[in-house]
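Reading through the structure tokens given below for one structure.
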Amino acid sequence: MRKLLVIGIGAGNPDHMTVQAIDGLNRADVLFIPDKGARKNDLAELRRQICDRFVKNPKSRRVEFDVPVRAEPAPSYRSTVDDWHEAIAEIYEGLIRDKLAENGCGAFLIWGDPSLYDSALRILERVRLRGNVGFELEVIPGITAVQALAASHKMALNRIGDPVLITTGRRLTEQGMPQNAGSAVVMLDGKCAFNTLANKDLIIHWGAYLGTPDEITLSGRLGDVGEEIEKIREQARRKKGWIMDTYLLRKAGEDD
């Protein structure tokens, strides 16, 4: 039976790699490296650097594969994502079938943690349900952008006794600042949804390229720094060709 490891590699800093993750890399016969095109070559290059630094197994080999670009939402966001996942599942199935021996061990290197806003586990479940190729699955957790954000801003994610909600930029635009959480962490926000909020007294802690040499952080009252964050974000995206950022929102005066 083939064995697949889904390994969280952290938010961008190779030092985020856990001992368990390094051990997993060295157990694998094949390391699957996704390539999202020239504009996001840094993401593949970081995975290569992690392998160069930590993999000591002389028998392991790397297999790089192209990741299809997700279409713009039409007719709906969910259907667009579903079609995209189906296309990736087709690629995963071929990789597992053609590049991994029947008793081999392969590893997918996942940015952050496989359980938080990453689709690898759902896509692999699609592959399993197809029934064309069998495999066992093991998940190795990693440091998330949420943890890296809190560390970079030297803050606790939660206020005393209050919950933290993790949501997306799309949800923030549609529903506004959540009322059922003391703090809200916003991910997958490509359009600076924080600037759509009516309450400009919210405090924002923002970070991009967290944990890497290119890290950028900024915090303050939303009404004072929101437009500045949007400008800095766009400049960084144009310079590198891609950006990964996240932020925490919190009502002013309630940080204790």
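The values are calculated or read from the model by the stated rules, or taken from the named source; none is laboratory data. Values in this document were obtained by computation on a predicted structure and should not be read as measured data. Note that we place each Cβ from the backbone using ideal geometry, even for glycine, and neighbour counts take in every protein chain shown. We work out accessible area using only protein heavy atoms, side chains counted, and drop any ligands, DNA or RNA first. Shrake-Rupley method; radii C 1.70, N 1.55, O 1.52, S 1.80 Å.
Structural remarks
- Any hit, segment 140-157, residues being charged (D, E, K, R), under 30 Å from VAL30 (Cα atoms) and modelled with pLDDT of 95 or more: no
- Take the conditions (1) assigned to a helix (DSSP H, G or I); (2) out of contact with any Lys or Arg (no Cβ under 6 Å at 6 or more places or on another chain); LEU116 misses just one of them, which is (1).
Conditions tested, residue by residue: (1) touching a Leu at 6+ places or on another chain (Cβ under 6 Å); (2) under 30 Å from VAL55 (Cβ atoms); (3) not charged (D, E, K, R).
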residue	(1), (2), (3)
ALA101	no, yes, yes
CYS105	no, yes, yes
ILE123	no, yes, yes
PHE135	yes, yes, yes
PRO141	no, yes, yes
LYS154	no, no, no
GLN175	no, no, yes
VAL185	yes, no, yes
THR196	no, no, yes
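- Residue check for GLU125: more than 18 Å from GLY207 (Cβ to Cβ), among the acidic types (Asp, Glu) and not in a strand (DSSP E or B): yes
- Per the listing ILE91, ILE50, the residue uniquely modelled with pLDDT of 85 or more and closer than 18 Å to GLY211 by Cβ is ILE50.
- For segment 219-250, a tally of residues being over 20 Å from the mean Cα position of the chain (by Cα) and either among the aliphatic types (A, V, I, L, M) or surrounded by 22 or more Cβ atoms within 10 Å (Cβ to Cβ) (or both) returns 5.
- Test set (1) open to solvent by 40 Å² or more (accessible area, probe 1.4 Å); (2) touching a strand residue (DSSP E or B) at 6+ places or on another chain (Cβ under 8 Å); (3) aliphatic (A, V, I, L, M) - ILE160 fails condition number: (2)
- In segment 174-193, of all residues being in contact with a strand residue (DSSP E or B) (Cβ under 6 Å, 6 or more places away or on another chain) and open to solvent by less than 10 Å² (accessible area, probe 1.4 Å), the one that is nearest to LYS231 (Cα to Cα) corresponds to VAL186.
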